[in-house]
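Worksheet for the structure shown next.
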């Protein structure tokens, strides 16, 4: 599937692009949002970030004087802006979660249906893999991960079963084998699931491996700090944990005027054209007069 940027029209509307402005696409991904922003810039500048080193090759297609790509996690935004000598920006966009390219690449280990090593790292050259977490975390740590990050009701049962398999030396090493194992633990006989039974466990592992929620806290704080007066932050989330953080941080920051009392959702038409937009929620805020 080719990359289709989610809620693209709403992103441009809430960023309120100024042609001469300076913007940050904190999650470059397939570059769809960056491309749309660049088309509206005339004398302005766009800095795009992505933790995935493979995004750099996609960014080359947009190379121009007004565009800069940096291979980095968005929690590093203060360092990056300092190195680029950019004191303030007009807008920051976050399109959270796994990109279409990462999900579709079976080597990355994000999918429950495509066989691959249990990796799940946004940057495959840094940090612990999903298998490392499963092989080394305690039963309690695993249960906490599955419950907190996956909202999985069977978190303790799954953690107990993983530790038992570890003791036997039969811990699954591939995504499909692990998904099959989790399904056998959590699936209720005769109950038809809307999602694959292992979906929540995979989500929880991915969030833990990439420290996604901590990074989101850091990235949002840095984004607000970098905004000029009237600058905007826009965030698209895909599950309740992300959305809750975005909503609470925007509301709690006295420097921010919330622009979206309720989240902006994709239309039925967009969902039909891009099913992965189904769970997307966009929230935005504007930095007001300095306190």
Kindly provide the set of residues from the range 255-273 that are assigned to a strand (DSSP E or B) and more than 19 Å from the chain's Cα centre (by Cα), ordered by number.
256, 257, 258
Residue within the range 254-261 that is out of contact with any strand residue (DSSP E or B) (no Cβ under 7 Å at 6 or more places or on another chain) and touching a residue at least 60 places away in the same chain (Cβ under 8 Å) present:
no
Return yes when residue 287 is touching a strand residue (DSSP E or B) at 6+ places or on another chain (Cβ under 9 Å), buried (at least 16 other Cβ atoms within 10 Å of the Cβ), modelled with pLDDT of 95 or more and closer than 13 Å to residue 96 by Cα and no when it is not.
no
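Select the helices (runs of 4 or more DSSP H) contained entirely in the range 117-210, then report the ones holding at least 2 residues which are over 22 Å from residue 241 (Cβ atoms).
130-136, 155-168, 175-186
Return yes or no: is residue 276 part of a strand (DSSP E or B) and in contact with a helix residue (DSSP H, G or I) (Cβ under 7 Å, 6 or more places away or on another chain)? If you could, list the steps in order and put the result at the bottom.
Values: part of a strand (DSSP E or B): no; in contact with a helix residue (DSSP H, G or I) (Cβ under 7 Å, 6 or more places away or on another chain): yes.
Judged against the criteria, residue 276 is not a match.
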Of (1) under 29 Å from residue 176 (Cβ atoms); (2) surrounded by fewer than 16 Cβ atoms within 10 Å (Cβ to Cβ); (3) touching a strand residue (DSSP E or B) at 6+ places or on another chain (Cβ under 6 Å), residue 57 satisfies every one except (3)
When only residues in the range 235-253 that are closer than 19 Å to residue 5 by Cβ and either in contact (Cβ under 8 Å) with a residue 60 or more places away in the chain or in contact with a helix residue (DSSP H, G or I) (Cβ under 9 Å, 6 or more places away or on another chain) (or both) count, which is surrounded by the fewest Cβ atoms within 10 Å (Cβ to Cβ)?
239
If I filter the range 169-189 for residues that are surrounded by fewer than 16 Cβ atoms within 10 Å (Cβ to Cβ) and in contact with a helix residue (DSSP H, G or I) (Cβ under 7 Å, 6 or more places away or on another chain), do I get at least one hit?
yes
Can residue 76 be described as assigned to a helix (DSSP H, G or I) and surrounded by 17 or more Cβ atoms within 10 Å (Cβ to Cβ)?
yes
Since residue 89 meets every condition but one in (1) touching a strand residue (DSSP E or B) at 6+ places or on another chain (Cβ under 8 Å); (2) under 17 Å from residue 211 (Cα atoms); (3) in the same structural domain as residue 30 (by TED's automatic domain parsing), which condition does it not meet?
(2)
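Let's see how each residue does on (1) in contact with a helix residue (DSSP H, G or I) (Cβ under 9 Å, 6 or more places away or on another chain); (2) surrounded by 15 or more Cβ atoms within 10 Å (Cβ to Cβ); (3) at pLDDT 95 or above; (4) closer than 13 Å to residue 205 by Cβ:
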site: 137; (1), (2), (3), (4): yes, yes, yes, yes
site: 140; (1), (2), (3), (4): yes, no, yes, no
site: 144; (1), (2), (3), (4): yes, yes, yes, yes
site: 147; (1), (2), (3), (4): yes, yes, yes, yes
site: 152; (1), (2), (3), (4): yes, yes, no, yes
site: 155; (1), (2), (3), (4): yes, yes, yes, yes
site: 159; (1), (2), (3), (4): yes, yes, yes, yes
If I go through the range 48-67 residue by residue, how many of them are in a strand (DSSP E or B) and within 20 Å of the chain's Cα centre (by Cα)?
3
Any idea which of (1) over 16 Å from residue 81 (Cα atoms); (2) surrounded by fewer than 19 Cβ atoms within 10 Å (Cβ to Cβ) is the one residue 221 doesn't satisfy?
(1)
For residue 131, work out the one condition from (1) farther than 30 Å from residue 286 by Cβ; (2) surrounded by fewer than 17 Cβ atoms within 10 Å (Cβ to Cβ); (3) modelled with pLDDT of 95 or more it doesn't fulfil.
(2)
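Check 36, 8 and return the single one that is touching a helix residue (DSSP H, G or I) at 6+ places or on another chain (Cβ under 6 Å), under 15 Å from residue 235 (Cβ atoms) and in contact (Cβ under 8 Å) with a residue 24 or more places away in the chain.
Only one candidate passes the filter, namely 8.
The values are calculated or read from the model by the stated rules, or taken from the named source; none is laboratory data. All values reported here derive from a predicted model rather than from experimental measurement. Positions of Cβ are generated from backbone atoms using ideal geometry, with glycine treated the same way; all protein chains shown enter the neighbour counts.
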